1. Using protein chains only and a probe of 1.4 angstrom, how many square angstrom of Ser51 are accessible, to the nearest 10?
2. Give a residue-ordered list of calculated ³J(HN,Hα) values for the stretch 98-115 (Karplus: 6.51 cos²θ - 1.76 cosθ + 1.60, θ = phi - 60°; whole Hz; x for Gly, Pro).
3. Could you give each residue of the stretch 54-68 its phi-based ³J(HN,Hα) in whole Hz, using Karplus coefficients 6.51, -1.76, 1.60 with θ = phi - 60°, and x for Gly or Pro?
4. Which cross-chain or sequence-distant (5 or more) residues have an amide H under 5 Å from the amide H of Ser51, H modelled 1.01 Å from N in plane?
5. Please give the solvent-accessible surface of Lys89 in Å², to the nearest 10, using a probe radius of 1.4 Å with every protein chain present.
6. If the stretch 46-119 were replaced by its equivalent ellipsoid, with semi-axes equal to the square roots of 5 times the Cα gyration tensor eigenvalues, what would those be, largest first, whole Å?
Amino acid sequence: MHRRVALISILTLTAGGASRCTPSATRRRAPYDGSKLTYCGGRAFDDFLMSKDQGLTCDMTGGSSGSPWFQNFNETTGLGTQNSVNSFKYNFAAKWMFGPYFGSEAQAVYQAAQSTNAP
């Protein structure tokens with residue numbers, strides 16, 4: 001695995017490009033409350049503790065849950081290839097964030113959705 005990824009706190013990709021999203025009021029936790037773009041970047045690693053997910057050194061809090069992880073993230077355009085989302089932390093490993101790797105199955109679901117004629 002060991003891909004370089006950027007974990008984005010408030011940026012999501014839409015069909016028209018990059019757009020901001022704000023976490024719901026019940027999920028906001030400062031300073032990751034949706035008011036500014038924040039990210040951690042670095043090399044992802046396999047979770048060697050208790051899951052088969054990937055990890056990244058990042059001290060974001062629960063307010064960043066569900067935020068996307070991008071490979072080949074471009075700070076200027078805000079674009080990249082999404083390959084995970086913030087999912088969980090271990091209480092004893094506060095400097096690491098973990099999320100599932102979006103591999104070939106996720107890509108197949110995305111491609112199937114793109115090929116539908118649904119509005």
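The values are calculated or read from the model by the stated rules, or taken from the named source; none is laboratory data. Bear in mind that the values here come from a model prediction, so they are computed numbers and not experimental data. Note: accessible area is taken over every heavy atom of the protein model, side chains too, but ligands, DNA and RNA are not part of it. Shrake-Rupley method; radii C 1.70, N 1.55, O 1.52, S 1.80 Å.
1. Ser51 exposes around 30 Å² with every protein chain in place.
2. Here the 3J(HN,Hα) series is 10, x, x, 7, 8, x, 5, 5, 5, 5, 5, 5, 4, 5, 5, 5, 5, 8 Hz.
3. Ordered by residue, 3J(HN,Hα) equals 10, x, 8, 5, 6, 9, 4, 9, x, x, 9, 4, x, 6, x Hz.
4. none
5. Lys89 has an accessible surface of roughly 60 Å² with all protein chains in place.
6. Equivalent ellipsoid of the stretch 46-119: 26, 16, 11 Å, largest first.
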